[in-house]
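The values are calculated or read from the model by the stated rules, or taken from the named source; none is laboratory data. In this text, all values refer to a predicted model and were calculated from it rather than measured experimentally. No Cβ is skipped: glycine too gets one built from the backbone with ideal geometry, and neighbour counts run over all protein chains shown. Just so you know, the surface numbers come from the protein's heavy atoms only, side chains and all, with ligands and any DNA or RNA stripped out. Shrake-Rupley method; radii C 1.70, N 1.55, O 1.52, S 1.80 Å.
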Amino acid sequence: MVTVEPELSNSLIQKLRNNTLCKLGYDSTKAMNPEIEKMLNEAIIEAENTLSPKGIYHILPVLATNSDGIHTEAGIIKSTLFRRLVEMCKGERLIVFMVTTLGEELDIAYESEESLPRQLILHTIGAELIELVTDEVEMDWKTRVVKPQGLQCSWRFSPGYCDWDLEGQGVIFEALDPGLIGVQLTSHFVMRPSKSISAISIIAKEVPFPAPCAFCGKRNCPWRRLPRRKHKSLVS
Amino acid sequence: MREKGVLLNNLEEVVWKHNDKITGETLDEALNAGIAPDDIRHALLQGFEHVRRRLMSNEVSIVDMLLCIDRVTEGLNSISGGKATEEGIPLVIGVVEGDPHDLGKNIIARIYKTYGYRVFDLGRDVPGKLFVKGVQENKANVLALSAMMSTTMVEMRSIIQEVKVKSPDTAVIVGGAPVDETLAKSWGADGYAETAVTVLEETQAAIERVREGIPW
């Protein structure tokens, strides 16, 4: 099990700012009100100064796949779509289990904030930052395992995505000890602190698609990550 | 002193341009000029309406609308002296059990308050029985339910069914990322609000459906 503490570098903070602006709906056609800009700048500085993001991951081999799902030492990953992706991978197949968090400081700041625009800005900064932090944690295992061995990997896939129920948090929390980085699960399988991500990825010699969308026939899915037409032949 | 129409226009502008503090001189000037609180309230809401329309046509960001709501709230508090209103349509709002996401609900609750609804905010992670009780105790005309997770949204169905038995005159409106109009209809809701921008119209339509006994 590996723990990582990604650094909030200048380039990461710049990315955070750009992504947050985009998520809040600002583009070249909309001028930002100076008061909103001030709120955003203050919130980013606060995030930079107070947050200590952390991540933890563990890599386990796939023991078997069948109609129940993907079997690992930690338990069964019950997603038919992800199983189909795993079954198409070539060579030894490994599952990376990971959990990342920004810690509870942002939740505390959000809870104590009365102003709605500030609440939204804090929420958006948190949502964008945890994605960037998780990218950094991914980079850690890619650098240690994937790249040196010339392997491939999928994009991350989380409980609640596609056909993987939120109860799937159980297998990730069995594979790891997220308590080491301060992450707990509620009885409804929701993570606290709220700005946390749990996910898996598949690593193999050959991973044919980065996401299981290739095996999904659902039309107009708002969460589709691969263009439908390109992978039509695989859709049953 | 400037005339009433000019002062009210200024107030409206202060809200949508949000370049000044509502509680500052613009509002003071209007109050000192003896303008009736109802006229001031109308001007504030006109300012908000302007921003809401601009958000609908993607000219401004949601943050602009929220800043505008803050301005209007400050203004309304000033003219009411901070006292909660006993008027307005009673409305119960909350996020269903298991779901900790309350930002969307907070935004919607503030919009309802701004528009004069008497809002009873039950918070987040609210057990179904508390919604039913909240509606009965507050004689709510509207129940607004929010869920941001597909796992928790299913709880909405049983809440709607129970509310429809115990408080059949209450209009139930639902919203949240995993919900859509088809689901809302199949659960027996009276309305569905896709965004904060349209929630007022959708709520009004739901109230009318229930009042007239028109199926959705």
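Using only protein heavy atoms and a 1.4 Å probe, how much accessible area in total is buried between A and B, to the nearest 100 Å²? List each step's numbers first, then the result.
Values: alone 12560 and 10850 Å², together 21400 Å².
Interface area, both chains combined: 2000 Å², rounded to the nearest 100.
Between the stretch B:157-216 and the stretch A:88-108, how many Å separate their Cα centres?
38
Using amide H atoms built in the peptide plane, which far-off residues or other-chain residues are under 5 Å from B:GLU97 H to H?
Those qualifying (amide H under 5 Å, at least 5 residues apart or on another chain) are B:VAL126, B:GLY128.
What are the ³J(HN,Hα) values, in whole Hz, obtained from phi via the Karplus relation 6.51 cos²θ - 1.76 cosθ + 1.60 with θ = phi - 60°, for each residue of the stretch B:171-179 in sequence order, with x given for Gly and Pro?
Result, ordered by residue: 7, 10, 10, 10, x, x, 3, x, 8 Hz.
Label 7 Å along Cα→Cβ of A:LYS218; the stretch B:138-153 residues with amide nitrogen under 19 Å?
Backbone N within reach: B:147-153.
Restricting to DSSP H runs of at least four residues, report the calculated mean residue ellipticity at 222 nm for chain B, -39500 (n - 2.57) per run over all residues, nearest 500 deg cm²/dmol. Let's see the in-between values first.
Details: 10 runs with 119 residues, N = 216.
Rounded to the nearest 500, the figure is -17000 deg cm²/dmol.
Whole-Å semi-axes of the stretch B:4-80's equivalent ellipsoid, largest first, each the root of 5 times a Cα gyration tensor eigenvalue?
Over the Cα atoms of the stretch B:4-80, the semi-axes work out to 21, 11, 10 Å.
Pull out the extension gain between A:ARG144 and A:ASN10, defined as 0.36 nm times the separation in residues minus the alpha carbon to alpha carbon distance; nm, one decimal.
Working: separation 134, 0.36 × 134 = 48.24 nm, distance 2.37 nm.
This chain segment gains 45.9 nm when fully extended.
Would you mind telling me the share, in percent, of accessible area of chain A contributed by carbon and sulfur at probe 1.4 angstrom? Before the final figure, lay out each step's value.
Values: 5620 of 11550 Å².
Answer for chain A: carbon and sulfur cover 49 percent of the accessible area.
Before I look further, what does the stretch A:67-134 give for accessible area per residue, probe 1.4 Å, in whole square angstrom? Mind dumping the intermediate values first?
Details: 2570 Å² over 68 residues.
About 38 Å² of surface per residue is accessible.
May I ask what percent, to the nearest 5, of DSSP beta bridges between residues of the protein assembly as shown are antiparallel?
Details: 31 of 48 bridges.
DSSP beta bridges in the protein assembly as shown are roughly 65 percent antiparallel.
Which of the three applies to the stretch B:90-212, rounded, prolate or oblate, going by the alpha-carbon gyration tensor with a ≥ b ≥ c and a/c under 1.5 meaning rounded?
Numbers: a/c = 1.16, a/b = 1.08, b/c = 1.07.
Taking the square roots of the gyration eigenvalues as a ≥ b ≥ c, the stretch B:90-212 is rounded.
Shape call for the stretch A:184-226 from the C-alpha gyration tensor, a ≥ b ≥ c root eigenvalues: rounded (a/c under 1.5), prolate (a/b greater than b/c) or oblate?
On the way: a/c = 3.21, a/b = 1.56, b/c = 2.05.
Taking the square roots of the gyration eigenvalues as a ≥ b ≥ c, the stretch A:184-226 is oblate.
Is the shape of chain B best called rounded, prolate or oblate, per the rule: a/c under 1.5 gives rounded, else a/b larger than b/c gives prolate, else oblate, with a ≥ b ≥ c the square roots of the Cα gyration tensor eigenvalues?
Numbers: a/c = 2.29, a/b = 1.94, b/c = 1.18.
Note, shape of chain B comes out prolate.
What does the structure give for A:109-122 when I average, per residue, the other chain Cβ atoms found within 10 Å of the residue Cβ?
Details: counts 0, 2, 1, 0, 0, 1, 5, 15, 12, 4, 5, 10, 2, 1.
Per-residue shielding by partner chains comes out at 4.
For chain A, place one equal point scatterer on every Cα, skip the solvent, and apply the Debye formula. What is log10 of I(q)/I(0) at q = 0.15 Å⁻¹?
For the requested q values the scattering log ratios are -1.08.
Short version: ³J(HN,Hα) in whole Hz for each residue of the stretch A:104-111, in order, from phi by Karplus 6.51 cos²θ - 1.76 cosθ + 1.60 (θ = phi - 60°), x for Gly and Pro, what are they?
8, 4, 5, 4, 5, 4, 5, 4
At a 1.4 Å probe radius, carbon and sulfur cover how many percent of the accessible area of the stretch B:90-212? Could you put the intermediate results ahead of the total?
On the way: 2410 of 5000 Å².
Whole-percent figure for carbon plus sulfur exposure: 48.
Keeping every protein chain present and rolling a 1.4 Å probe, give me the accessible area per residue for the stretch B:106-216 in Å². Could you put the intermediate results ahead of the total?
Values: 5050 Å² over 111 residues.
Ligands and nucleic acids excluded, the figure is 46 Å² per residue.
Please list, by residue number, every one of the chymotrypsin sites (Phe, Trp or Tyr not before Pro) in the stretch A:143-236 that is coil in DSSP and has at most 14 other beta-carbon atoms within 10 Å.
A:TRP223
Determine the dipole magnitude for chain B: charges of +1 sit on the beta-carbon of Lys and Arg, -1 on that of Asp and Glu, nothing else is charged, the reference point is the Cα centre, and the result goes in debye to the nearest 20. Could the numbers behind the result be given before it?
Details: 24 positive and 33 negative charges, 87 e Å.
Roughly 420 debye, rounded to the nearest 20.
Using the Cα atoms of the stretch A:87-157, I'd like the radius of gyration and the largest Cα-Cα distance, Dmax, both in angstrom.
Cα-based Rg and Dmax for the stretch A:87-157 come out at 17.2, 54 Å.
With a 1.4 Å probe and all protein chains kept in place, how much accessible area does B:VAL197 have, in Å² rounded to the nearest 10?
20
Please give, to one decimal in nm, the separation of the simple spin-label points placed at A:GLU131 and B:GLN204, each 7 Å out from Cα toward the Cβ.
A separation of 3.5 nm, rounded to one decimal place.
Using the Karplus equation 6.51 cos²θ - 1.76 cosθ + 1.60 (θ = phi - 60°), what ³J(HN,Hα) coupling, rounded to whole Hz, does each residue of the stretch B:100-110 give in order, writing x for Gly and Pro?
Those phi angles translate into x, 7, 10, 4, x, 4, 4, 5, 5, 4, 5 Hz.
Cα axis of helix A:116-141 to longest principal axis of chain A: angle in degrees, 0 to 90, nearest 10?
Here the helix axis deviates by roughly 40 degrees.
With just the Cα atoms defining each centre, how far is the stretch B:35-61 from the stretch A:121-180? Give it in Å.
With the stretch B:35-61 and the stretch A:121-180 each reduced to a Cα centre, they are spaced 43 Å.
Can you pull the three principal axis extents for the Cα set of the stretch A:6-53, in Å, largest first?
34, 18, 14
Can you list the residues, at least 5 places off or on another chain, whose amide H is less than 5 Å from the amide H of B:ARG118, using H built in the peptide plane?
The answer is B:ILE89, B:LEU91.
For peptide B:60-73, compute the average count of partner chain beta-carbon atoms within 10 Å of each residue's beta-carbon. Present the calculation step by step, with values, prior to reporting the outcome.
Values: counts 6, 12, 7, 15, 9, 3, 8, 9, 3, 3, 6, 0, 0, 2.
For this peptide, the per-residue mean of nearby foreign Cβ atoms is 6.
Using the Kirkwood radius built from alpha carbon pairs, what does the Stokes-Einstein equation give as D for the stretch B:77-155 at 10 °C and 1.306 mPa s, in µm² per second?
Numbers: Rh = 13.0 Å.
Reported coefficient: 122 µm²/s.
For the protein assembly as shown, count the residues as N, evaluate 2.2 N^0.38 Å, and divide the Cα radius of gyration by that value, please. Could the numbers behind the result be given before it?
Details: Rg = 24.8 Å, N = 452, 2.2 N^0.38 = 22.5 Å.
So the Cα radius of gyration is 1.10 times the expected 2.2 N^0.38 Å.
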